[in-house]
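Participant: Quick one: the structure is below, questions incoming.
The values are calculated or read from the model by the stated rules, or taken from the named source; none is laboratory data. Predicted model only: the values in this text are computed from it and were never measured. Heads up, the Cβs are rebuilt from the backbone with ideal geometry, glycines too, and the neighbour counts pull from every protein chain shown.
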Amino acid sequence: MNQALELIEEIASYAFDPLGLVKAIFPWNEGELAGSPGPRTWQAEELAAIGEHIRNPATKFMPYQSAVASGHDIGKSALVAMILKWALSCWPGSRAIITANTGNQLSSKTQPEVSKWFRMAYDKDFWEVQATRVSVKDTEYRATYRADFETWSEQNTEAFAGLHNAGKLILVIFDEASAINRPIWEVTKGALTDENTIILWLVFGNPTLNDGPFFECFGSQGHRWRHRHIDSRTVEGTNKALYKQWEEDEGEDSDFFRVRVRGVFPRQGDTQFISSEVVQKARHYRAEGYEYLPRILACDVARFGDDQTVLGYRQGRKYVQLERFRNRDTQYTANRVIHYITELRPQASIVDAGGIGGGVVDYCKALGYEILGFDGAESAFDAIKYFNRRAEVWGKTKAWLDGGAQIPDDEELASDLTGPQFHYAQGKRAHGSVVIEAKEIMKKRGLRSPDCADTLTLTFAVDVAPESAQDSRQQPPRRPKSWMSV
């Protein structure tokens with residue numbers, strides 16, 4: 001009895017430290033875990049992130065939402081078991097539900113893995129693991145202190161609607177989440193509203209589909225989720241030789257290798273305007289000789305909702321992203337533009353004047369700052385090649401990247417650059433010219449508005465003749481020697 005009480009007290013001490021609990025409650029380097037000193041690196045990072053979230057008073061009672069897209073055999077189901085073990089062991093009365101893309105995945109892979117880890121744990125005698133649930137053995141609490149393995153159905157969403165557990169802990173896990181349909185996501189999201197409650201929603205899977213709710217966790221809803229891509233080649237204990245063979249047979253950028261090894265979504269095919277390969281190279285390119293070339297400042301403006309305002313500047317073959325923010329009015333945005341004009345002394349400053357961006361342009365001009373407003377709907381200068389100015393600046397950005405350029409090593413910018421598709425215009429107006437996919441259509445495909453990429457493209461809305469190195473060092477910014485109208 002004394003040993004049991006000591007174990008319970010020790011377990012309780014890890015309520016806000018899931019990584020600590022996982023390290024303490026399993027017999028690492030022994031028996032079935034021989035050769036494993038602890039959770040894999042990526043698993044430990046996820047456990048640590050959960051701990052940081054619930055220890056922070058500012059985020060503790062906000063839902064923790066984490067999406068992991070990965071290749072094969074990285075230990076997703078093992079991490080599901082570890083998180084479930086921590087939640088049930090450390091939080092009395094916790095409520096958990098686990099589902100997967102199919103009933104077979106749930107019954108033949110997820111549940112057996114959970115059962116294995118519960119059987120290995122030092123507190124195994126406290127738990128009863130069955131085919132459809134894990135519950136505490138104490139009959140007084142068995143009905144409400146449990147985790148359920150639930151198959152999902154669009155016609156039967158009640159199990160996901162009844163997740164309320166006010167004042168305690170709620171855990172929802174989607175395994176192989178790409179194929180779980182939207183109604184289950186929507187019902188789950190609506191159910192996670194209890195006040196003063198620890199709420200965790202974690203989704204895992206191979207990124208097999210480039211649309212749907214799982215894809216949106218990395219796109220249009222990316223700002224609401226902690227999202228990660230895990231390459232199987234970077235994970236301890238995976239079959240690196242087999243992955244090398246696959247790479248040689250299929251190619252590193254083939255859809256098979258992207259989904260099954262790299263943990264990234266399949267290519268969007270021949271209609272993708274800027275290739276993933278070019279963007280990847282740009283993330284690691286190091287520009288030279290740009291220091292005395294003109295700086296061109298740009299701002300893509302958003303106000304409220306999912307879109308964001310982004311500021312950045314380009315100098316020769318190098319692009320720098322300055323900041324991004326949401327839910328700020330046009331006066332705040334204009335003052336940030338003015339701040340960077342004063343700090344960086346750019347030779348040109350461009351603001352997307354479509355929609356509310358016009359207010360930013362007007363505010364800056366009223367204070368005496370020279371700002372160029374950009375309207376992407378206007379006719380392109382090269383109307384034979386491009387349908388409008390938006391397509392034209394995207395085309396210049398593509399050529400710039402193709403020629404070798406440096407961009408920040410930033411996943412969101414990379415995703416925005418590779419997101420838009422293109423087609424060729426039909427009809428009498430600009431027949432055969434390039435059209436870049438509209439933001440509204442991108443959002444219907446589950447992609448966010450490419451605000452980070454649009455800011456970069458704005459820097460190509462104007463051509464600025466370089467000044468001499470001496471002028472750039474010693475003189476205040478002057479009006480450019482030649483302008484291309486925007």
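Participant: Please verify whether the stretch 276-292 includes one or more residues that are touching a His at 6+ places or on another chain (Cβ under 6 Å) and of a type in the set (A, V, I, L, M). Working first, answer last.
Facilitator: First, pick out the residues of the stretch 276-292 that are touching a His at 6+ places or on another chain (Cβ under 6 Å): none.
Within the stretch 276-292, none of the residues are touching a His at 6+ places or on another chain (Cβ under 6 Å) and of a type in the set (A, V, I, L, M).
Participant: Within the stretch 319-343, which residues are under 26 Å from the mean Cα position of the chain (by Cα) and among the aliphatic types (A, V, I, L, M)?
Facilitator: Val320, Leu322
Participant: Here's another thing I want to ask about it. Answer yes or no as to whether Phe256 is under 23 Å from Gln421 (Cα atoms), among the aromatic types (Phe, Trp, Tyr), surrounded by 16 or more Cβ atoms within 10 Å (Cβ to Cβ) and at pLDDT below 90. Let's see the steps before the verdict.
Facilitator: Working: under 23 Å from Gln421 (Cα atoms): yes; among the aromatic types (Phe, Trp, Tyr): yes; surrounded by 16 or more Cβ atoms within 10 Å (Cβ to Cβ): no; at pLDDT below 90: yes.
Judged against the criteria, Phe256 is not a match.
For every residue, the table says whether it meets (1) touching a residue at least 40 places away in the same chain (Cβ under 8 Å); (2) out of contact with any Pro (no Cβ under 7 Å at 6 or more places or on another chain); (3) surrounded by 18 or more Cβ atoms within 10 Å (Cβ to Cβ).
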{"position": "Val68", "(1), (2), (3)": "yes, yes, yes"}
{"position": "Asp73", "(1), (2), (3)": "yes, yes, no"}
{"position": "Lys76", "(1), (2), (3)": "yes, yes, yes"}
{"position": "Val80", "(1), (2), (3)": "yes, yes, yes"}
{"position": "Leu88", "(1), (2), (3)": "yes, yes, yes"}
{"position": "Ser107", "(1), (2), (3)": "yes, yes, no"}
{"position": "Ser115", "(1), (2), (3)": "no, yes, no"}
{"position": "Lys137", "(1), (2), (3)": "no, yes, no"}
{"position": "Ala147", "(1), (2), (3)": "yes, yes, yes"}
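Participant: Within the stretch 3-29, can you find the residues that are among the polar types (S, T, N, Q), part of a loop (DSSP other than H, G, I, E, B) and under 23 Å from Pro92 (Cβ atoms)? Talk me through it step by step, then tell me what you get.
Facilitator: Taking the stretch 3-29 first, the residues among the polar types (S, T, N, Q) are 3, 13, 29.
If we keep only those that are part of a loop (DSSP other than H, G, I, E, B) too, we end up with 13, 29.
Across the stretch 3-29, the qualifying residue is only Ser13.
Participant: Limited to the stretch 173-207, what total is found for residues that are under 12 Å from Thr99 (Cα atoms), assigned to a helix (DSSP H, G or I) and acidic (Asp, Glu)?
Facilitator: Selection size over the stretch 173-207: 0.
Participant: Quick check, is Ile74 aliphatic (A, V, I, L, M), touching a Leu at 6+ places or on another chain (Cβ under 9 Å), under 22 Å from Cys217 (Cα atoms) and assigned by TED's automatic domain parsing to the domain that holds Val187? Write out each step before concluding.
Facilitator: Numbers: aliphatic (A, V, I, L, M): yes; touching a Leu at 6+ places or on another chain (Cβ under 9 Å): no; under 22 Å from Cys217 (Cα atoms): yes; assigned by TED's automatic domain parsing to the domain that holds Val187: yes.
Answer is no for this residue.
Participant: Among the residues of the stretch 256-271, is any touching a residue at least 12 places away in the same chain (Cβ under 8 Å), more than 30 Å from Gln43 (Cβ to Cβ) and not aliphatic (A, V, I, L, M)?
Facilitator: Looking through the stretch 256-271, at least one residue is touching a residue at least 12 places away in the same chain (Cβ under 8 Å), more than 30 Å from Gln43 (Cβ to Cβ) and not aliphatic (A, V, I, L, M).
Participant: Let me ask something additional. Looking only at residues in the stretch 431-441 that are out of contact with any Gly (no Cβ under 8 Å at 6 or more places or on another chain) and of a type in the set (Val, Ile, Thr), which one is modelled with the highest pLDDT?
Facilitator: Restricting to residues being out of contact with any Gly (no Cβ under 8 Å at 6 or more places or on another chain) and of a type in the set (Val, Ile, Thr), the top hit is Ile436.
Participant: Has the stretch 442-456 got any residue that is under 20 Å from Val278 (Cβ atoms), assigned by TED's automatic domain parsing to the domain that holds Leu372 and either surrounded by fewer than 13 Cβ atoms within 10 Å (Cβ to Cβ) or modelled with pLDDT under 80 (or both)?
Facilitator: The answer is yes, given that some residue of the stretch 442-456 is under 20 Å from Val278 (Cβ atoms), assigned by TED's automatic domain parsing to the domain that holds Leu372 and either surrounded by fewer than 13 Cβ atoms within 10 Å (Cβ to Cβ) or modelled with pLDDT under 80 (or both).
Participant: I've got another one for you. Within the stretch 30-76, how many residues turn out to be outside any loop (DSSP other than H, G, I, E, B), under 20 Å from Glu113 (Cβ atoms) and under 21 Å from the mean Cα position of the chain (by Cα)?
Facilitator: In the first step, residues of the stretch 30-76 are kept if they are outside any loop (DSSP other than H, G, I, E, B); the result is 31-33, 41-55, 64-70, 76.
In the following step, the residues that additionally are under 20 Å from Glu113 (Cβ atoms) were identified as 31-33, 41-47, 50, 66-70, 76.
From what is left, the residues that are under 21 Å from the mean Cα position of the chain (by Cα) are 41-47, 50, 66-70, 76.
Of the residues in the stretch 30-76, 14 are outside any loop (DSSP other than H, G, I, E, B), under 20 Å from Glu113 (Cβ atoms) and under 21 Å from the mean Cα position of the chain (by Cα).
Participant: From Tyr340, Tyr319, Tyr285, Tyr332, grab the single residue that is surrounded by 22 or more Cβ atoms within 10 Å (Cβ to Cβ), farther than 24 Å from Gly446 by Cα, hydroxyl-bearing (Ser, Thr, Tyr) and out of contact with any Lys or Arg (no Cβ under 7 Å at 6 or more places or on another chain). Lay out the reasoning, then the answer.
Facilitator: Working: Tyr340 fails: surrounded by 22 or more Cβ atoms within 10 Å (Cβ to Cβ); Tyr285 fails: surrounded by 22 or more Cβ atoms within 10 Å (Cβ to Cβ); Tyr332 fails: surrounded by 22 or more Cβ atoms within 10 Å (Cβ to Cβ).
None of the other options fit; the residue is Tyr319.
Participant: Which residue pairs have Cβ atoms closer than 6 Å, lie 6 or more positions apart in sequence or on different chains, and pair a first residue in the stretch 16-41 that is in contact (Cβ under 8 Å) with a residue 24 or more places away in the chain with a second residue that is surrounded by 14 or more Cβ atoms within 10 Å (Cβ to Cβ) and among the basic types (Lys, Arg)?
Facilitator: The qualifying pairs do not exist here.
Participant: Turning to a different aspect of this structure: Considering only the stretch 318-353, state which residues are farther than 25 Å from Tyr285 by Cβ and hydrophobic (A, V, I, L, M, F, W, C).
Facilitator: Phe325, Ala334, Val337, Ile338, Ile341, Val351, Ala353 - these are the residues of the stretch 318-353 that are farther than 25 Å from Tyr285 by Cβ and hydrophobic (A, V, I, L, M, F, W, C).
Participant: Can you tell me how many residues in the stretch 454-466 are in contact (Cβ under 8 Å) with a residue 60 or more places away in the chain and within 15 Å of Gly395 (Cα to Cα)?
Facilitator: Taking the stretch 454-466 as the starting set, the residues that turn out to be in contact (Cβ under 8 Å) with a residue 60 or more places away in the chain are 454-462, 464-466.
Filter once more, keeping what is within 15 Å of Gly395 (Cα to Cα): 454-462.
Matching residues across the stretch 454-466 total 9.
Participant: Taking the condition of being among the hydrophobic types (A, V, I, L, M, F, W, C) and buried (at least 17 other Cβ atoms within 10 Å of the Cβ), how many residues in the stretch 4-15 meet it?
Facilitator: So in the stretch 4-15, the residues among the hydrophobic types (A, V, I, L, M, F, W, C) come out as 4-5, 7-8, 11-12, 15.
Cutting the leftovers down to buried (at least 17 other Cβ atoms within 10 Å of the Cβ) gives us 11, 15.
Result for the stretch 4-15: 2.
Participant: Then there is this: What are the residues in the stretch 97-135 that are small (Gly, Ala, Ser) and at pLDDT below 90, if any?
Facilitator: Selection gives Ala100, Gly103, Ser107, Ser108, Ala131, Ser135.
Participant: Taking the stretch 300-324 as the search range and keeping residues that are free of Cβ contacts under 8 Å to residues at least 40 places away in the same chain and out of contact with any helix residue (DSSP H, G or I) (no Cβ under 8 Å at 6 or more places or on another chain), which one is nearest to Ala399 (Cα to Cα)? Please lay out each step first, then the result.
Facilitator: First pass over the stretch 300-324, keeping only residues free of Cβ contacts under 8 Å to residues at least 40 places away in the same chain: 304-305, 315-316, 322-323.
Now narrow it down to the ones that are out of contact with any helix residue (DSSP H, G or I) (no Cβ under 8 Å at 6 or more places or on another chain): 304-305, 315-316.
On the way: Phe304: 32, Gly305: 32, Gln315: 16, Gly316: 13 Å.
Checking each candidate, the answer is Gly316.
Participant: Name the single residue, out of those in the stretch 377-388 being touching a strand residue (DSSP E or B) at 6+ places or on another chain (Cβ under 7 Å) and in a loop (DSSP other than H, G, I, E, B), that is surrounded by the fewest Cβ atoms within 10 Å (Cβ to Cβ). Give the steps one after another, and end with the answer.
Facilitator: Going residue by residue through the stretch 377-388, those that are touching a strand residue (DSSP E or B) at 6+ places or on another chain (Cβ under 7 Å) are 380, 385-387.
Still in the running and in a loop (DSSP other than H, G, I, E, B): 380, 385, 387.
Details: Ala380: 20, Lys385: 14, Phe387: 23.
Per the stated criteria, the residue is Lys385.
Participant: If Phe374 satisfies every condition in (1) free of Cβ contacts under 8 Å to residues at least 40 places away in the same chain; (2) surrounded by 21 or more Cβ atoms within 10 Å (Cβ to Cβ); (3) within 32 Å of the chain's Cα centre (by Cα) but one, which is the exception?
Facilitator: Only one criterion is unmet by Phe374, namely (1).
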